[in-house]
Amino acid sequence: MSYPIPCEQAAAEIEIKKSRFIAYARHIASREAGMAWLEEIKAQYPDARHHCWAYLIGNPHCASNAGMGDDGEPSGTAGKPILNVLQHKGVGDVMIIVVRYFGGIKLGAGGLTRAYGQAAQAVMEILPLQQRVPMQDVALECDFAQEQQVRHWLQQVEGQLIDVGYQQQVSMRVSVPQSNVAEFCEILSAHRCHYQT
């Protein structure tokens, strides 16, 4: 299943009634990665009042893993509107963090919900995207003399080398776009390389 994912980090800032809302969005592959990034942002803005967030991991049309946090804002006024924006954008493997500096004027629950939603919307509008390509792992063995050739074939099918080990033969674990697996395996077979998908 192919779907858009962020290819770079983006940031946007809005000001509402003297409160600053700084929104960041980027690609994350897991909740752990998202929580680690949240800690980085908190360290970057230690004096901010709130660091609210939401993420969507996996296919955005049937998100297997979504999460959100209000970080001290009234329940449902921060994480939920951020997640709402994510769910309407159809982007997967993405997290938004909105940092808020309180400006001294209370916004009320409705005002907060709108502000966090607008901040999330602003950063999603400028977030650079790319298509996620479903990959498949292939384990293979080849002779030492063939290693450079295998690396070359891997580049041709837009694959990535994950792991390589050297014993009597070279053993590699590679990741290949699903649409190119058959072609890659045909090349390996033609050159008598052992593989399993």
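Would you check if residue 82 is under 18 Å from residue 9 (Cα atoms), in contact (Cβ under 8 Å) with a residue 60 or more places away in the chain and not small (Gly, Ala, Ser)?
In short, no.
Which of the numbered conditions does residue 99 fail, given that it passes all the others? Conditions: (1) in the same structural domain as residue 15 (by TED's automatic domain parsing); (2) in a helix (DSSP H, G or I).
(2)
Looking at the stretch 102-129, which of its residues are polar (S, T, N, Q) and either without any contact (Cβ under 8 Å) to a residue 12 or more places away in the chain or not assigned by TED's automatic domain parsing to the domain that holds residue 12 (or both)?
Those that are polar (S, T, N, Q) and either without any contact (Cβ under 8 Å) to a residue 12 or more places away in the chain or not assigned by TED's automatic domain parsing to the domain that holds residue 12 (or both): none in the stretch 102-129.
Give the residue, chosen from 85, 91, that is buried (at least 16 other Cβ atoms within 10 Å of the Cβ), modelled with pLDDT of 95 or more and either at negative phi or assigned to a helix (DSSP H, G or I) (or both).
Going through 85, 91 in turn, the sole match is 85.
Among the candidates 175, 179, 189, which residue alone is touching an Asp or Glu at 6+ places or on another chain (Cβ under 7 Å) and not assigned by TED's automatic domain parsing to the domain that holds residue 96?
Result of the check over 175, 179, 189: 175.
Please verify whether residue 43 is exposed (fewer than 15 other Cβ atoms within 10 Å of the Cβ) and over 14 Å from residue 112 (Cβ atoms), treating the condition exactly as stated.
For residue 43, the condition - exposed (fewer than 15 other Cβ atoms within 10 Å of the Cβ) and over 14 Å from residue 112 (Cβ atoms) - is met.
If residue 87 passes every condition in (1) farther than 21 Å from residue 2 by Cα; (2) in contact (Cβ under 8 Å) with a residue 24 or more places away in the chain but one, which one does it miss?
(1)
Does at least one position in the stretch 113-128 carry a residue that is at pLDDT below 95 and among the basic types (Lys, Arg)?
no
Among the residues of the stretch 60-70, what is the count of those that are in a helix (DSSP H, G or I) and either loosely packed, with under 13 Cβ neighbours inside 10 Å or in contact with a Ser or Thr (Cβ under 6 Å, 6 or more places away or on another chain) (or both)?
Residues meeting the conditions: 2.
Among the helices (runs of 4 or more DSSP H) lying completely within the stretch 102-197, list those that include at least 2 residues that are surrounded by 15 or more Cβ atoms within 10 Å (Cβ to Cβ) and hydroxyl-bearing (Ser, Thr, Tyr).
In the stretch 102-197, 108-126 are the helices (runs of 4 or more DSSP H) which contain 2 or more residues that are surrounded by 15 or more Cβ atoms within 10 Å (Cβ to Cβ) and hydroxyl-bearing (Ser, Thr, Tyr).
Residue 48 is checked against (1) more than 12 Å from the chain's Cα centre (by Cα); (2) within 18 Å of residue 85 (Cβ to Cβ); (3) buried (at least 16 other Cβ atoms within 10 Å of the Cβ) and fails just one. What number does that condition carry?
With (1) more than 12 Å from the chain's Cα centre (by Cα); (2) within 18 Å of residue 85 (Cβ to Cβ); (3) buried (at least 16 other Cβ atoms within 10 Å of the Cβ) applied to residue 48, the lone miss is (2).
The values are calculated or read from the model by the stated rules, or taken from the named source; none is laboratory data. If you're wondering where the values come from, they're calculated on a predicted model, not measured in any experiment. Because the Cβ atoms are built from the backbone with ideal geometry, glycine has one as well, and the counts that use them run over all protein chains shown.
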